[in-house]
Amino acid sequence: MERDGKVYATPIEVTLDVIGGKWKSVLAYHIIQGPQRFSELKRLVPGITEKMLTQTLRELERDGVVSRTVFAEVPPRVEYRITEHGASLQPVLAAMCAWGRGHWQQGAASSEGMRN
């Protein structure tokens, strides 16, 4: 498979190229809940720098996952919304959340077993 000059061996590589990395899935998860402003995303995602937030939002926008709307107001207001294409990630993100919860609970149970 080839896309935008990149060669992929499997479709999972394409998926990971779009939502992989430390922040993309997390940001998509929050934006899929409803429109978000930059400052709100910064608050919702502790640990992300403004530079990384800007870069990651641009990548998600480039890949058609989110759209950016600038409102002609003073002060300027910018909102990020999930696109129709990005909304198709909802079941993927839900599955990732479910798996993460189960993995976390399994780890907590394993830790309990090690203490006894």
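A residue that is surrounded by 10 or more Cβ atoms within 10 Å (Cβ to Cβ) and among the polar types (S, T, N, Q) can be found somewhere in segment 61-68. Residues in segment 27-52 that are buried (at least 17 other Cβ atoms within 10 Å of the Cβ) and under 17 Å from residue 17 (Cα atoms): 27, 28, 29. The residue that is modelled with the lowest pLDDT, counting only those in segment 94-116 that are within 17 Å of residue 25 (Cβ to Cβ) and of a type in the set (A, V, I, L, M, F, W, C), is 104.
Restricting attention to segment 69-89, the residues that are assigned to a strand (DSSP E or B) and within 13 Å of the chain's Cα centre (by Cα) add up to 3. Is it true that residue 21 is within 12 Å of the chain's Cα centre (by Cα) and on the phi > 0 side of the Ramachandran plot? The answer is yes for residue 21. For beta carbons closer than 6 Å, sequence separation of 6+ or different chains, a first residue in segment 20-43 that is within 13 Å of residue 66 (Cβ to Cβ) and a second that is among the basic types (Lys, Arg), the qualifying pairs are 35/81.
The values are calculated or read from the model by the stated rules, or taken from the named source; none is laboratory data. Keep in mind it's a predicted model, so treat the numbers as computed, not measured. Glycine gets a Cβ as well: all are built from the backbone with ideal geometry, and neighbour counts include every protein chain shown.
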